[in-house]
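The values are calculated or read from the model by the stated rules, or taken from the named source; none is laboratory data. All figures in this text were calculated on a predicted structure; none of them were measured in a lab. With ideal geometry, Cβ positions are generated from the backbone for all residues, glycine too; neighbour counts draw on all protein chains shown.
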Amino acid sequence: MKLTNPTEHTMNDMKLYVALDVHKDSIQCGIAHPGRSKPEVYAKWGGSNLCVERGLCKLLKKHDLTKDEVAICYEAGPTGFVLARRLHQLKYHCIVIAPSKIPQKSGDRVKTDRSDCRKLAGYLRSGELTSVHIPPCHDEAVRDLGRARTDASEARTKCKQQLSMFLLRNGVRYSGKSRWTQGHMNYLRKYKFNDPSQQIVLEEYIIAISAAEERVKRLEMHMENQLEDWDKKPYVKALMALRGFKVVAAMTIVSEPGDLSRFPHPRQLMGFLGLVSSEESSGAKRRQGSITKCGNGHARWMLVESASHYQYEAKVTETLSRRQAGQSREVKIISWRAQNRLCYRFRQLACRRLNRNKVVVAIARELSAFIWELHHQVAKEITLNNESCRSSAAQ
């Protein structure tokens with residue numbers, strides 16, 4: 001279900017503005033009345049949803065208001081969207097706001113829970129807060145599964161680094177071409193230290209790496225199983241028709257940003273992913289710096305990883321052709337157009353001797369525009385298919 005955004009209503013319709021400073025064990029509540037009166041601290045509640053429900057009931061009774069006359073907000077944070085979903089279920093107008101978009105006064109050096117809730121209530125009344133997208137419960141669950149797979153992959157990398165440093169300290173050097181292959185692991189299993197203590201360390205690291213490998217494979221298998229019952233499966237399958245996207249990358253890109261139809265233009269998606277350049281311009285001078293890195297860092301990282309595949313020439317390989325099986329002609333056209341554009345652009349930027357990381361980020365920024373176009377194409381096909389099914393059923 002989509003949460004109702006109070007900014008969609010006229011502010012004059014609201015008779016009370018409530019801001020919650022949410023923490024694990026406590027919630028500070030601030031309120032602001034219409035007009036120019038100063039926001040005030042109302043109460044401090046417990047950290048559970050039940051405490052908030054009871055507190056809001058008392059607040060409405062005290063001011064003789066209905067739920068439709070109250071706007072509520074709180075900052076996005078580690079407590080997630082559970083409270084917002086519960087308030088929406090109870091028919092409250094509630095938004096979760098982006099902490100990075102809250103106005104800040106340069107001379108304000110006092111930050112407490114009481115002052116924060118007062119400021120948020122005032123900003124909510126004046127309409128200066130930016131809400132974040134609240135994903136459906138199942139989408140968030142799939143996103144958590146993808147993040148768990150990333151955590152497992154990072155843990156595996158950490159184990160490999162620790163073993164590499166241990167071997168380097170003890171003068172053990174592998175002469176093969178590639179590390180962490182089956183041949184490399186067989187070499188490590190057969191290697192014998194003179195000291196039994198060092199042999200124990202080697203065995204423990206090998207066991208840890210094997211366990212981490214199995215954990216990553218299990219989570220990838222669970223992701224593939226969850227894909228079959230996910231309503232976003234058509235978008236994932238269409239995204240896999242692009243070069244550089246298999247199941248894990250496609251599910252991550254679909255689950256992390258959420259519904260891409262909320263972005264009217266690809267540039268807004270680029271900004272959400274933090275792939276646009278920062279800028280500090282004044283007068284006739286224009287200064288652009290590194291990318292902003294705001295928004296969803298996990299999706300940005302996965303997008304940059306996928307963009308690195310466009311360093312090679314455009315080609316529909318056998319693997320890519322299998323992934324494109326069953327896709328519409330329009331999806332395949334977008335995929336081929338993206339390959340031609342991005343592969344050419346990668347070579348063009350590389351010939352200018354730019355830093356490779358900058359080149360990959362530039363390709364990732366353009367790739368996000370093709371993903372936006374692909375999402376809208378799939379949504380259009382789903383709509384046409386549903387209309388066709390309804391007309392057939394009516395006949």
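Kindly indicate whether SER335 is surrounded by 16 or more Cβ atoms within 10 Å (Cβ to Cβ) and among the hydroxyl-bearing types (Ser, Thr, Tyr).
yes
Any chance the range 96-108 includes a residue that's among the aliphatic types (A, V, I, L, M), under 26 Å from SER261 (Cβ atoms) and either surrounded by 18 or more Cβ atoms within 10 Å (Cβ to Cβ) or without any contact (Cβ under 8 Å) to a residue 12 or more places away in the chain (or both)?
Yes: the range 96-108 contains one or more residues that are among the aliphatic types (A, V, I, L, M), under 26 Å from SER261 (Cβ atoms) and either surrounded by 18 or more Cβ atoms within 10 Å (Cβ to Cβ) or without any contact (Cβ under 8 Å) to a residue 12 or more places away in the chain (or both).
Let me confirm something: among LEU90, LEU120, which residue is surrounded by fewer than 21 Cβ atoms within 10 Å (Cβ to Cβ) and assigned by TED's automatic domain parsing to the domain that holds HIS33?
None of the other options fit; the residue is LEU90.
What's the total number of residues in the range 104-122 that are part of a loop (DSSP other than H, G, I, E, B) and touching a Leu at 6+ places or on another chain (Cβ under 8 Å)?
Of the residues in the range 104-122, 0 are part of a loop (DSSP other than H, G, I, E, B) and touching a Leu at 6+ places or on another chain (Cβ under 8 Å).
Mind listing just one residue for me: the one in the range 36-72 that is over 15 Å from LEU83 (Cβ atoms) and among the hydroxyl-bearing types (Ser, Thr, Tyr) and, of those, surrounded by the most Cβ atoms within 10 Å (Cβ to Cβ)?
TYR42
Residues being part of a helix (DSSP H, G or I) and either over 13 Å from ARG156 (Cα atoms) or of a type in the set (A, V, I, L, M) (or both): count how many of those fall in the range 166-222. Break it down stepwise before answering.
Filtering the range 166-222 down to residues part of a helix (DSSP H, G or I) leaves 166-169, 182-190, 196-222.
Subset that is either over 13 Å from ARG156 (Cα atoms) or of a type in the set (A, V, I, L, M) (or both): 166-169, 182-190, 196-204, 206-209, 211-212, 216, 218-222.
Residues that pass the stated criteria total 34.
Residue under question is ALA299, and the condition is that it be within 24 Å of ARG147 (Cβ to Cβ) and touching a helix residue (DSSP H, G or I) at 6+ places or on another chain (Cβ under 7 Å); does it hold?
In short, yes.
For the range 344-364, does any single residue satisfy the condition of being closer than 21 Å to PRO234 by Cα and modelled with pLDDT of 95 or more?
no
When residues of the range 263-286 are filtered for being surrounded by fewer than 10 Cβ atoms within 10 Å (Cβ to Cβ) and not small (Gly, Ala, Ser), how many remain?
The total comes to 4.
GLU313 versus (1) among the acidic types (Asp, Glu); (2) assigned to a loop (DSSP other than H, G, I, E, B); (3) within 22 Å of LEU273 (Cβ to Cβ): which is the lone unmet condition?
That leaves (3) as the condition not met.
State whether the residues of the range 294-307 include one that is part of a loop (DSSP other than H, G, I, E, B), among the polar types (S, T, N, Q) and more than 16 Å from TRP372 (Cβ to Cβ).
No, that holds for no residue.
Give all pairs with beta carbons closer than 6 Å in which a residue from the range 268-289 that is closer than 14 Å to GLU366 by Cβ meets a residue that is of a type in the set (A, V, I, L, M) and in a loop (DSSP other than H, G, I, E, B); count only pairs at least 6 apart in sequence or on separate chains.
Listed pairs, sorted by first residue: MET270/VAL276.
What pairs come out if I take residues in the range 18-35 that are outside the structural domain of CYS73 (by TED's automatic domain parsing) and pair them with residues that are modelled with pLDDT under 95 and not basic (Lys, Arg) whose C-beta lies under 6 Å away, six or more apart or interchain?
none
Scan the range 204-242 residue by residue and report those that are within 21 Å of the chain's Cα centre (by Cα) and closer than 30 Å to PHE193 by Cα.
Passing the criteria: only VAL216.
Please state which of the following conditions LEU163 fails to meet, knowing it meets all the rest: (1) buried (at least 16 other Cβ atoms within 10 Å of the Cβ); (2) in contact (Cβ under 8 Å) with a residue 60 or more places away in the chain.
Unmet condition: (2).
Is there any pair linking a residue in the range 205-224 that is farther than 16 Å from GLY146 by Cα to one that is polar (S, T, N, Q) and at pLDDT 95 or above, with Cβ under 7 Å and at least six apart or on different chains, and which?
So the pair list comes out as TYR205/GLN162.
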